[in-house]
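What follows is a set of notes on a single structure, which appears directly below.
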Amino acid sequence: MPALWDDERTTMGKRAVAAAVAVLLGCFLVSSCHSGPTVARSTAPAAQASETDTAAVSEARAVEALRTWLDKPLPGTLTLSSVETDSAKKIVTSRQLTGRLDPTRGTASLTGTLNVLGSGPAVQDPMSVIVAGGKVFSSIPPGDLHRFPGRTWFVDDLSVARAAGSPHSIWWLALQGLDKVHLDGASEVDTKSAVEYTGTVDLAKIPAVTDVLPQSLIVQKAGTTKVSIDLYTDLGTGALVQLTYRLGLQVSVDATPTGHSMAGYEVDFSGFGTPVKPSPSPVVAPVTRLVASHSGSSDLCQLLLF
């Protein structure tokens with residue numbers, strides 16, 4: 001199987017952090033680490049109810065933190081991971097791309113690899129993606145360059161991934177539709193203590209998305225319309241520090257596979273507003289003479305968050 005399945009990055013969000021962090025989380029959730037005299041609990045059931053109520057408040061605040069971020073999204077680091085299976089040809093294709101995304105400007109610059117495993121020699125090709133001007137440019141695989149003399153990029157229009165009557169992708173509307181999560185426990189994001197929450201959104205129940213679903217290659221390959229969403233909030237401030245959404249086959253250790261899925265997709269977005277040194281160059285679309293009219297990345301286009 002491709003390295004995507006073993007990648008330590010996918011397991012980071014589910015690891016328990018140090019015991020001290022777990023203690024801090026307990027204090028954060030049950031409000032037991034406050035100053036002043038200790039209030040005696042009358043009965044064990046009452047204490048359990050109090051803890052449940054506090055967890056519910058914490059979960060509601062996590063959803064509110066997501067809403068706050070969606071109202072004013074900050075740039076950050078985006079990682080796209082995917083795996084597709086072809087049982088007939090006994091081929092597994094995986095892809096992982098990482099780079100900067102600015103949702104407000106509508107720009108992104110990602111690099112990574114495209115890997116193919118089958119009966120023949122394994123293939124690992126470098127891959128680059130640029131998002132600018134409402135279009136997605138993806139590098140032509142080296143093995144296909146001879147078919148497009150002088151061209152090095154494929155192009156797709158982001159409009160194919162846009163929800164009906166909205167400037168955003170179906171994933172943005174899925175995040176907007178998340179109204180309930182459950183506490184998943186202590187975690188860590190960018191070496192800082194965080195709290196993880198998990199929820200699910202059914203794309204088929206979002207009116208602006210239902211008309212788009214039959215044409216979505218991502219949804220067809222994934223074999224499901226249910227999106228699993230993880231929110232990570234800062235242990236101290238409660239602010240959103242990472243969001244993850246996944247669809248289809250098991251891409252990470254905690255994803256839920258489906259019986260009709262031929263592909264799995266995961267998107268991680270974090271590092272919101274963190275300065276990058278040295279400062280990244282402005283994202284610029286490739287010159288027209290280098291772009292092939294053939295569409296070679298429509299599924300990638302449909303996976304982006306904007």
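The values are calculated or read from the model by the stated rules, or taken from the named source; none is laboratory data. Treat the numbers as computed from the prediction; the structure is a model and nothing was measured. Because the Cβ atoms are built from the backbone with ideal geometry, glycine has one as well, and the counts that use them run over all protein chains shown. Ligands, DNA and RNA are stripped out before the accessible areas are found, and what is left, the full protein with its side chains, is counted by its heavy atoms. Shrake-Rupley method; radii C 1.70, N 1.55, O 1.52, S 1.80 Å.
Summary of values
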item: Rounded to the nearest 20 debye, dipole of the range 159-306 from Cβ charges on Lys, Arg, Asp, Glu; result: 500
item: Gain in span if fully extended, residue 159 to residue 191, counting 0.36 nm per residue against the direct Cα distance; result: 7.9 nm
item: Stretch gain in nm, segment residue 208-residue 68, where the contour uses 0.36 nm per residue and the Cα spacing is subtracted; result: 48.3 nm
item: Share of carbon and sulfur in the accessible heavy-atom surface of the range 184-247 [1.4 Å probe, %]; result: 52
item: Unit charges on C-beta of K, R, D, E only; dipole of the range 138-191, Debye; result: 340
item: Dipole in debye (nearest 20) - the range 97-225, about Cα centre, beta carbon charges: Lys, Arg +1; Asp, Glu -1; result: 340
item: Theoretical gain in end-to-end length, residue 276 to residue 104 [0.36 nm per residue, Cα-Cα removed]; result: 60.2 nm
